[in-house]
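Each value in this text was obtained by applying a stated rule to the coordinates, not by laboratory testing. What you see is a predicted model; the values in this text were computed from it and never measured. Heads up, the Cβs are rebuilt from the backbone with ideal geometry, glycines too, and the neighbour counts pull from every protein chain shown.
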Amino acid sequence: MTREELLTLKVPSPDREIYGKIKEAWNKVAKPLDGLGKLETMICRIGAAQDCVVPEISPRAVVVMCADNGIVQEGVSQSGQEVTLAVACNMGRRKSSVCKMAKIAGAEVIPVDIGIHTKELIPGVLDRKVCPGTRDFLKEPAMTEEEVLQAIETGICLVKECHSKGLKLLATGEMGIGNTTTSTAVTAAVLGLPVMEITGKGAGLSESGIRHKAEVIQKGLKRYGFDQQTGKPKDRKAEQERCLKIMQCVGGLDIAGLCGVFIGGALYHIPVVIDGLISAAAALCADGIVPGCRESMLASHTGAELGMGFVLKHLGLSEVIRADLALGEGTGAVMLFPLLDMAMEVFRGSSTFDEIGVEQYRRHES
């Protein structure tokens, strides 16, 4: 995929008529209006994205992009790169946290090696390696333009494969030591946010560790001219190119791959669930590069990372889980699946007001 091909992609707009029909069907269910709150809205969004009056939320899967980040050389994490490979191997054996949770939630786990720093093939993990990890962005751009484009295309192609298999809903996950640093850098650059205010502890940094991490991010953004809060670019193409450049310079292969998953979801009418800050940064870039992708996105939780709320606000999305989650792997996104199951059971199987002989509630505009 070339840069021009990516920047000229068009995604279909959700069917607002279908959204309205699903909302009308919710209002006829024998319960208080909007009784299931944000879950009702999510079901409407899913149906509109799928062009389906009765939304389908199964079969489903979580796509977990695994990659290493060169910025760990700057001491931004308490763990070494070897942990990425160890967890990915455990994921390949379906023994990691997200695998345990996905089994309960009735979801397939699709782990992907998009850039782990190893030459070995990992059993149970898809080999889609673009390169063996990114570079230290304090010294040079994390990726070349060709690498970031290949990673994005990899994500889009994975969604196409999922579509051909009949999957109806996807969650996003990741594994990669140092990726709260890359995702914070991307978020700060795209939204023009003060780095210190949104830098979190990742997998457990001390206060001094957080300060060092923020300093590293700030130096990286300054190196590439992303530290100036200059506001939104004047035209769409400039904004698209800026998002792509940010991801190339300070992002990660996992972020770029997930960016492709969000774009693919919009292209192939498969709603995609955002997990924590890493996948949220990918969602932010996807919508910046291919406008309209946000309409096929669902927010699962806010998580413990400080930048998460800013991203969701920018995308106009609202989470349903607030539990200070910080596990990663797509675990928070997978938690949304059982909640959607329960909501759909009410939507499909509950009595209507007519069936129980009760007058339907009316909505009073304030």
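Structure summary
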quantity: Between region 105-122 and region 191-226, the Cα center-to-center distance that results, in Å; calculated: 28 Å
quantity: Listed residue pairs exceeding 26 Å between alpha carbons, taken from 10/119; 139/201; 31/103; 119/201; 139/237; calculated: 10/119; 31/103; 119/201; 139/237
quantity: Computed FRET value (nearest 0.05) for residue 53 with residue 208, which takes r as the C-beta separation and R₀ as 41 Å; calculated: 0.15
quantity: Paramagnetic reach from residue 239 (point 7 Å along Cα→Cβ, amide N under 12 Å) across region 178-206; calculated: 191
quantity: Mean projected area (nm²) of the alpha-carbon convex hull when region 44-132 is viewed from all directions; calculated: 7.7 nm²
quantity: Reported label for calculated Rg/Rh (Cα atoms, Kirkwood Rh) given (i) 1.15; (ii) 0.99; (iii) 0.96; calculated: (ii)
quantity: Top of 29, 186, 216 by mean-square fluctuation, Gaussian network on the chain, Cα under 10 Å; calculated: 29
quantity: Förster radius 35 Å - calculated FRET efficiency between residue 146 and residue 38, Cβ distance, rounded to 0.05; calculated: 0.30
quantity: Order by protection proxy (mean Cβ within 10 Å, highest first), peptides 293-303, 333-343, 255-265, 85-95; calculated: 255-265, 293-303, 333-343, 85-95
quantity: Potential lengthening between residue 94 and residue 157 on full extension [0.36 nm per residue; Cα-Cα distance subtracted]; calculated: 20.4 nm
quantity: Potential extension, residue 363-residue 2 segment - 0.36 nm per residue separation minus Cα distance; calculated: 125.0 nm
quantity: Mean separation of Cα contacts under 8 Å (6+ apart) over length of the chain, as relative contact order %; calculated: 24 percent
quantity: For peptides 170-179, 187-196, sequence by mean Cβ density within 10 Å, most packed first; calculated: 170-179, 187-196
quantity: Spin-label model distance (nm) - residue 322 vs residue 79, 7 Å beyond Cα toward Cβ; calculated: 2.8 nm
